[in-house]
1. Which ones in segment A:157-206 are among the polar types (S, T, N, Q) and within 17 Å of the chain's Cα centre (by Cα)?
2. On the given criteria, is A:Pro225 within 14 Å of chain B (Cβ to nearest Cβ) and surrounded by fewer than 24 Cβ atoms within 10 Å (Cβ to Cβ)?
3. Has segment B:67-83 got at least one residue that is in a loop (DSSP other than H, G, I, E, B) and within 11 Å of another protein chain (Cβ to nearest Cβ)?
4. Quick one: A:Phe132 ticks every box in (1) assigned to a helix (DSSP H, G or I); (2) closer than 30 Å to A:Ala276 by Cβ bar one, so which box is it?
5. Residues that are of a type outside the set (A, V, I, L, M) and at pLDDT below 90: does segment A:89-96 have at least one?
6. Test A:Glu56 against the criterion of being more than 14 Å from chain B (Cβ to nearest Cβ), of a type in the set (Asp, Glu) and over 25 Å from B:Ala98 (Cβ atoms), and give yes or no.
7. Just wondering, is there one or more residues in segment A:169-176 that are within 7 Å of another protein chain (Cβ to nearest Cβ) and either polar (S, T, N, Q) or within 27 Å of A:Ile82 (Cβ to Cβ) (or both)?
Amino acid sequence: MSQEIIGPGYTYASVTDKISSIVLSRKMTLGWLFGFGVAFMLVMLLLYSITYLFLEGIGIWGVNVPVGWGFAIINFVWWIGIGHAGTLISAILLLLKQEWRTSINRFAEAMTLFAVACAGLFPLLHLGRPWFAYWLIPYPSTMGIWPQFRSPLVWDVFAVSTYGTVSLLFWFVGLIPDLATLRDRSSSRIGRVVYGILAMGWRGSAIHWHRYDTAYLLLAGLATPLVVSVHTVVSFDFAISILPGWHTTIFPPYFVAGAIYSGFAMVMVLAIPIRAVYGLQDFITMRHLQNMAKVMLATGLIVAYGYLMETFMSWYSAERYDRFMTVNRVLGPYGPVYWALILMNIIVPQALWFKRVRTNVLLLFLVAIAVNIGMWLERFVIVVTSLHRDFLPSSWSMYYPTFWDWSTFIGTIGLFVALLFLFIRFLPMISIFEMRTLVPKSEGD
Amino acid sequence: MNKDAPIYGLLAEFAEPEALLEAVRRARAAGYRRMDAYTPFPVEHLAEELGFHHTALPVIVLIGGLIGCGGGLLLQYWISAVDYPLNIGGRPLNSWPAFIPVTFELTILVAALSAVLGMLGLNGLPMPYHSLFNSPRFALASRNRFFLCIEASDRQFNREATAKFLSELKPAGVSEVAE
């Protein structure tokens, strides 16, 4: 049973009914209201923090010379990395014909979308004058000026906005047939109208399916190099600079691996409670959790290799600033953060080698949480320790996050969770039509 | 339904995709052309059995990607070397390697947009009204039933004869779809 990707005894009808009933007929529970309420309050905290930021400027954060990039960039990289697992699950595993992706791809894609939304906020907030954010887009302005295309920060604008758009398209295209199911099965007039408009008159015609499959496959093929390019461009923000600790060629591959690593950890953090609360153990089986644990283990090892090579190269380069940076990163004032990162990101996940851990839902959940914290600490270490010791000791300084740093970060977690709660309530969190194709595998038991 | 009212077509309902595939095969052999099958998930070879082999979609996506690629590169070249030349660290104005990331992203963006809009456009979606939705059974096409609809516009279509033909295919039911 634990090796199956769908429980026994399901038919086309029962798969459809089970997933659509979560949206259509399940009563709003106290638990949902409570969870959404807490997340909603955090969204209010986020709005409050942003309002204060707009009134006062980024001086309310802990950033100053020389640490000009603080939480905003750490959180940006962390969030966008989390998004990558969604695209990986939906696109790369589709191209590799990994059928086990079917029950987790929908909410992994939703997770991507919401994570990109949270990520996209931070560079805008960090602009100082966010009302001029549109200057980043090339348009014929009356001022006669244009963006500077040799800057990785401009590349970022294109990478992240393309990523957000393509993720949205991919997610929406995947939803169309399921929206048609909800339209046909909804008993309320509002439901029929709203889902009907969103389904755009989908009828499931064989010829439409043919084009649909082609479009979906092409989108997957386009999203695969895209996801690799996005975190590569994000790493260019650092790697293109000449700062010790940032100026290294290993950044692009190790950023991409770290992104997938943290993303799978986040999918795990979300999937484990969701399958328990909504009774979806037959659709998100232990096989799914085990496979994700294995992906985490593999990408975690790539990340560990990245740390190792970073350290090795700073010694091997014989470059005094680089060597100082590494020693300072490990033993300096932020040393404990570095060791916490090694513990969370490298040591704890080694538990996934053991099948007993991979088959224990609670332990998996804890390891996934540790990885998410570890990956956040990684970005903290990269951003802060590289900046806080400038070339001249007279400009050395420490960076301490303020209340507003934390409130903005926690606020985006609230935004992420609130959007997920709404998604689970109003849209099918598992792709119904793709689950139907697995029904033949459900027979026989 | 009024017996003389014009109808859109005849709808046969099947419980399994294999039965539908067989029905489509036999309907093609009997000479019917204006028909379509409706299923709750993509059924392999069904479109081919209906006589639909190639879609223009890949070509549309390729053209979209080329427009994104060429347009992106040209835009950056024109901005950086012609309209607004800036000396950045003594690099040449047309420092094309620095333009590759944005060119790549725009290639993907335009190609993805053409894939989705092309698919919707070729499928004629959004289509708020369609005669098939008049059939009360048709809601099951998005749940667990597989349908074959022979349209009244087919040259060979005859209300009685086609209905008789369809019922010989051992469907779970045959019904008329109001125009």
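The values are calculated or read from the model by the stated rules, or taken from the named source; none is laboratory data. Keep in mind that what you see is a predicted model, and the values were worked out from it rather than measured. Note that each Cβ is placed from the backbone with ideal geometry, even for glycine, and that neighbours are counted across all protein chains shown.
1. Passing the criteria: A:Ser161, A:Thr162, A:Thr165, A:Ser167.
2. Considered against the rule, which asks whether it is within 14 Å of chain B (Cβ to nearest Cβ) and surrounded by fewer than 24 Cβ atoms within 10 Å (Cβ to Cβ), A:Pro225 comes out as yes.
3. The answer is no; no qualifying residue exists.
4. (2)
5. yes
6. The answer is yes for A:Glu56.
7. yes
Table: residues versus (1) more than 22 Å from the chain's Cα centre (by Cα); (2) within 7 Å of chain A (Cβ to nearest Cβ); (3) touching a residue at least 60 places away in the same chain (Cβ under 8 Å); (4) surrounded by 21 or more Cβ atoms within 10 Å (Cβ to Cβ).
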residue	(1), (2), (3), (4)
B:Ala23	no, no, yes, yes
B:Gly31	yes, no, yes, no
B:Leu62	no, no, no, no
B:Arg91	yes, yes, no, no
B:Glu105	yes, yes, no, yes
